[in-house]
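See structure below.
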Amino acid sequence: MKKLYIAAFVAFAAFASGTHAAERPGHAAIASAHTLATRAGFEVLAEGGNAFDAAIAVASTLSVVEPQSSGIGGGGFFMLHRASDGKNVMLDARETAPAAVRESQYLKPDGTPNRDTALYGPLAAGIPGEPAALVWLAAHYGKLPLAKSLAPAIRIARAGFQPGQGFLDAIAGHREQIARYAGTKALLMPNGDVPKAGWTFRNPDLAATLERIAAHGDDGFYKGKTAQLMLKAVKETGGDWSAADLANYKVVEREPLSFDYRGWKIVTVAPPSSGGVALEEMFNVLSGYDLGAMDRAQRLHYIIEAMRRAFRDHNEYLGDPDFVKMPLATLLSPQYAAGLRASILPDKATPSAMLPSAVAHAPGMHTTHFSIVDADGNMVATTQTVNTHFGSCLVPPGTGVFLNNEMDDFALVPGAPNAYGLLGNKANAPAPGKRMLSSMTPTFVFGPERVGVIGSPGGSTIITQVFEGLLAFMHGDSAAQIAAKPRYHHQYLPDVVYAEPDAFDAATEKALVGMGYDIQQRGHWGFMNVVTWNLRTNKLDAASDPRHASGLGEVR
Ligand code: DON
């Protein structure tokens, strides 16, 4: 038995570190936020594609069917695991600031923050990264030509589909901003108001844009007709993008953050996401406690204190690694974690006010995550976004592309909070060509017997959702249990534990309140899409968050 375990562990260590490639599930699993996107992924697998081709199909289809959340006018992070050599890599397709970015663009004449320009219209939009990521995936990791992997999205964009209530509600929530821009209004409110259920949404311009990308790669988006249409619309609506801003956009392959926690290997995003750093810091803190020996309230106390401390740090120090120096070696050292543990009392919440520094943010609900494992064991975890619903609400006429409003993820105006309550600092100040800090945390977890692919939208709660999801996975929960698990969240400031209605039983809640926690219910959040792989049985499992009706996790 012991021998078997050691053999399994050695195989796993080799697998996770990229020196072993024998594992092969023989079937595939995809979990995404939309049934049509999950099916598009399987369609491309059936054509001979791998997980990376499927990721192109799922992402481009989400661009069509869930434009309120993500799309080719936005960006994201892809975690890739290539089975043939075990390579783990982070593909950074985060948007960049245009060269003309100025703080004054986000200030009203009286010098106070202009939340409108930060969130809506051309000044809110960063240079999109998603198209370059799709081109890169096809060129470097996929097996199929881009035209094949984009085909389902192109077909659905032309044929149309009937959006669900979430989509219609998102239109209703942004009626005023959508009406400002002719290209957006024509698409989303063709009759002048929010469409009724049963409406068929078509986006033939987006189909044509995707076809240009299929035919010309990067040049199909960042140069030529698409670029001209975007530059024209941005200029006409008061923005300032140059042809060079678009032509110079590049995705970046980055070394993922990779760390161990009690025999599990976690491979996740590096900056410009703050998520991986926060995850590693939280797990480092937990590694000093015997959580299994504690009652639930005690365990939650240490978990929440780890969250509080990680969130204090994460916005303080982090930004685009190509622009700022970050004290990562310190933040991620065992000594630093020991120092954090030393400040945690065993039976009392630490008031955030006792921990110096002051940054915080609060969640939203408009971004998407999907997870894929293919028959060969290639894996993709990716979280992508246009930021808030429909991004900037600006669709350059003729493109069908919803431009993001990711500029708001920068600390645009010192001291002014962003859409997630984030107070920024120099590390995340905007600069030409710089990437804005993100919370998106697509993650792989490798264990001796099980592998997990996990992530979710939800602004700052992304990080705690992934953290709790990983703890549940390590505890042995299934994909469906992980996606359904009630959530709680602490982000340093406000000094509150947010809890879904069923997160704590009465006795646990009472014990936590007794330790000094302020627990507040705040509905449900997140849209987790998980795939798990049992290496012993080679069985895959996929689950989409039961909080939403549109998603689909499927194994074929
Ligand atoms: O990159 C980020 O952290 C945000 N733009 C993500 C926004 C998000 O998750 C919105 N909500 N669900």
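The values are calculated or read from the model by the stated rules, or taken from the named source; none is laboratory data. Everything numeric here is computed off the predicted structure, so don't read it as measured data. Cβ coordinates were reconstructed from backbone atoms using ideal geometry, including for glycine residues, and neighbour counts include every protein chain displayed. What goes into the accessible areas is simple: the full protein's heavy atoms, side chains included, and nothing from ligands, DNA or RNA. Shrake-Rupley method; radii C 1.70, N 1.55, O 1.52, S 1.80 Å.
Annotations
- In nm, spacing of pseudo-spin labels at Thr330 and Asp85 (7 Å Cα→C-beta vector): 3.6 nm
- Evaluated at q = 0.06, 0.10 Å⁻¹, the base-10 log of the normalised Debye intensity for the chain, with identical point scatterers placed on the Cα atoms, takes the values -0.26, -0.76.
- Kirkwood hydrodynamic radius of region 191-294, Cα pairs, Å: 18.7 Å
- A protection proxy built from the mean count of other Cβ atoms within 10 Å ranks the segments 384-395, 253-264, 442-453, most packed first, as 384-395, 442-453, 253-264.
- Sites Glu255 and Ala338, calculated FRET efficiency, Cβ-Cβ separation with R0 25 Å, nearest 0.05: 0.45
- For the chain, the fraction of 1.4 Å probe accessible surface lying on carbon and sulfur atoms is 56 percent.
- When each of the peptides 210-218, 318-326 is scored by the mean number of other C-beta atoms lying within 10 Å of its residues, the order from highest to lowest reads 210-218, 318-326.
- Table column - 3J(HN,Hα) (Hz), region 515-525, Karplus curve with 6.51, -1.76, 1.60, x for Gly and Pro: 7, x, 7, 9, 9, 10, 7, 9, x, 10, 8
- Between Ala186 and Asp505, the modelled labels are 5.9 nm apart [label points 7 Å from Cα along Cα→Cβ].
- With protein chains left intact and a 1.4 Å probe, residues in the chain average 35 Å² of accessible area per residue.
- Dimensionless Rg over Rh [region 423-462; C-alpha; Kirkwood]: 1.18
- Phi angles of region 426-440 translate, via the Karplus equation with coefficients 6.51, -1.76, 1.60 and θ = phi - 60°, into HN-Hα couplings of 4, 4, 10, 6, x, 7, x, x, 7, 8, 7, 5, 9, 9, 5 Hz per residue; Gly and Pro are given as x.
- Using the Karplus relation 6.51 cos²θ - 1.76 cosθ + 1.60 with θ = phi - 60°, the per-residue 3J(HN,Hα) values for region 245-257 come to 3, 6, 5, 8, 4, 9, 6, 10, 8, 10, 5, x, 7 Hz, with x marking Gly and Pro.
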